[in-house]
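First the structure, in the form of structure tokens, and then the observations on it.
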Amino acid sequence: MAPSPSGTPRIAVVGGGIGGLATAAFLDRAGLSCTVHEQAPAITEVGAGLVLAPNAVRLLRRIGAMDRLRGRAVPLDVGWEFRRWADGRVLSAENLAEACERLYGERTYAVHRADLVAAVAAAVPPGALRLGRRCTSVSVRGDGAELRFADGSVVGADVVIGADGVHSAVRAAVLGTEQQTPATYSGICAFRATVPAERAPDFARRPAQTLWIGPGHHLVHYPVSGRRAVNLVAFAPAGDYTVESWSATADVEEFLAEFAGWDPRLQDLVRHAGRPGRWALLDRAPLTRWSRGPVTLLGDAAHPMFPFFAQGAAQSIEDAAVLARCLADDPGDPAAALRRYERQRIARTTRLQEVSHARAHVNHLPDGPEQEARDAALAGADPLVANGWIYAHDAEADPAAV
């Protein structure tokens, strides 16, 4: 394959979600261009809220996304507010307003996913995003690769970045279909919904990230969209439910039934939700490698993780920043740059996959001695400090640290 006329690598990004768009933005900041191939015909409002911790915020600020989120992202005054399921008693809470910026140089924010996607997309150069482009396979050809699309077209590239999620089509080019560890159903499903602020109880409108924990379930809520709505995400036993899709929905009655017997205030909050989304959480063991020659993986395609540490989007953004720097430092040898990217990222993301996985058991303990010991431990915990290895990390300044 002939190199690009400029001598810089032709970079194809598969997937136009947060990770893929952030990759394009950081590549542009590093002086490299790319084409982002997204299968959807339009970038639309998908998903609900997410929490942006300092490790993501400091990177988003460098591509101008935090300026674009002003008035939409909600700075949290309180975080890690754990409440008991039956009566809402506060087990522990963290004063983010006072401590977060002092410790880590940035606040923690809650944001609607659509607002974040729009803010990151605004940092992508015009013309870089191609919509309605579903990649079906990637083949390594010498020093380059070929991408095949559902419409029959074929595109050559010097670098292919698979930012196409847990069902990645690019992953087979890295691992080979026979070597891929199949995703398994975790036995947990998630509900997501938003409640208009005017219909939400006072306790849910506060700038706080609150986690209600109880037997087999937990529910998280925080304000988004400039405090005009409250985001809910809840986790419950999946039973025989195995649909893993952002577009799948449930009834409010199903959502309420999962939290029958919980604090009436929480029931009231759920009752005012619109039609909730519902999806099964997939479980995948950490990969031991992400790259093969000119092809690599990023975000959920490389390291899908349970959302219990609110780091899925953040780790995609960290990946994007490190990958862009590695390619900019060695544009003449993309394969070496991708290997360096993998070495700098894989230990950190593997650790986060593991701790996120373990959190499900802790949050869902049935009432009894183990639950009482957990609650006592929460009362004496300082999660903001204990998780400093997550929040203090600057992926551009110290990418190898975990």
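Rounded to the nearest 5, what % of the DSSP beta bridges within the chain are antiparallel ones?
Details: 49 of 66 bridges.
Within the chain, antiparallel bridges account for around 75 percent of the total.
May I ask you to compute the full-extension gain from ARG227 to VAL252, defined as 0.36 nm times their residue separation minus their alpha-carbon distance, rounded to one decimal in nm? Write down the numbers at each step before the final one.
Working: separation 25, 0.36 × 25 = 9.00 nm, distance 2.22 nm.
Taking 0.36 nm per residue and subtracting the Cα distance, the gain is 6.8 nm.
What are the radius of gyration and Dmax of the chain, computed over its Cα atoms and given in Å?
Rg, Dmax (Cα atoms, Å): 21.0, 68.
Under 14 Å from a label point 7 Å along Cα→Cβ of ALA397: give me every residue in the stretch 341-360 with its amide N that close.
The answer is none, because no backbone nitrogen lies closer than 14 Å to the label point.
Give me the net charge for the shell around GLY368: Cβ to Cβ below 14 angstrom, other residues only, Lys and Arg +1, Asp and Glu -1.
Here the charged neighbours net out to -2.
Add -39500 (n - 2.57) for each DSSP H run of 4 or more in the chain, then divide by its residues: what number comes out at 222 nm, to the nearest 500 deg cm²/dmol?
Per the formula, -9500 deg cm²/dmol.
Which of the peptides 286-292, 8-14 is most tightly packed, and how do the rest follow, going by the mean number of other Cβ atoms within 10 Å of each residue?
The packing order, highest mean first, is 8-14, 286-292.
What is the spin-label model distance, in nm, from ASP268 to VAL385 if the labels are put 7 Å beyond Cα along the C-beta direction?
Here the answer is 3.6 nm between the modelled labels.
Among LEU131, LEU323, LEU378, which comes first, second and so on when ranked by fewest other beta-carbon atoms within 10 Å?
Ranking LEU131, LEU323, LEU378 by Cβ neighbours within 10 Å, fewest first, gives LEU131, LEU378, LEU323.
Taking other Cβ within 10 Å of each residue's Cβ, how do HIS37, HIS357 sort, fewest first?
With the fewest neighbours first, HIS37, HIS357 line up as HIS357, HIS37.
When ASP251, ASP333, ASP164, ASP28 are ordered from fewest to most other Cβ atoms inside 10 Å of their Cβ, what list results?
ASP251, ASP333, ASP28, ASP164
Put one equal scatterer on each alpha carbon of the stretch 30-73, apply the Debye formula with no solvent term, and list log10 I(q)/I(0) at q = 0.16, 0.17, 0.24, 0.30 1/Å to two decimals.
-0.69, -0.77, -1.08, -1.05
Defining a contact as two alpha carbons under 8 Å apart and six or more residues distant in sequence, what relative contact order in percent does the chain show? Could the numbers behind the result be given before it?
Working: 872 pairs, mean separation 87.1, N = 402.
So the answer I get is 22 percent.
Summing +1 for each Lys or Arg and -1 for each Asp or Glu, what net charge is found among the other residues whose Cβ lies under 11 Å from the Cβ of GLY299? Before the final figure, lay out the partial values.
Numbers: positive: ARG345; negative: ASP164, ASP300, GLU318, ASP319.
Charge balance in the 11 Å sphere: -3.
Using Cα atoms only, what is the angle between the long axis of helix 334-363 and the major principal axis of the chain, expressed in degrees (0 to 90) to the nearest 10?
Between the helix axis and the principal axis of the chain, the angle is about 10 degrees.
Could you rank the peptides 83-91, 275-283 by their average count of other C-beta atoms within 10 Å per residue, with the highest value first? Before the final figure, lay out the partial values.
Numbers: 83-91: 15.9, 275-283: 19.3.
Ranking the peptides 83-91, 275-283 by packing returns 275-283, 83-91.
So if I restrict to the alpha-carbon atoms in the stretch 92-147, what is the Rg, and what is Dmax, the biggest pairwise distance, in Å?
20.0, 56
What are the residues whose amide H is under 5 Å from the amide H of ASP283, where those residues sit 5 or more places off or on another chain and H is modelled from the backbone?
Placed amide hydrogens put THR184, TYR185, SER186 under 5 Å from ASP283.
Using the 2.2 N^0.38 Å rule of thumb for compact globular proteins, work out how the stretch 19-158 stacks up: its C-alpha Rg over that value, please.
In units of the globular-protein estimate, the stretch 19-158 measures up at 1.36.
Once the piece of chain linking ASP87 and ARG359 is laid out straight, how much longer is it, given 0.36 nm per residue of separation minus the C-alpha distance between them?
Answer, rounded to one decimal: 95.7 nm.
Laboratory data are not the source of any read-out in this text; all were calculated from the coordinates shown. Bear in mind the structure is a predicted one, so any value in this text is a computation, not a measurement. Reconstructed Cβ throughout: ideal geometry from the backbone, glycine too, with neighbour counts over all protein chains shown.
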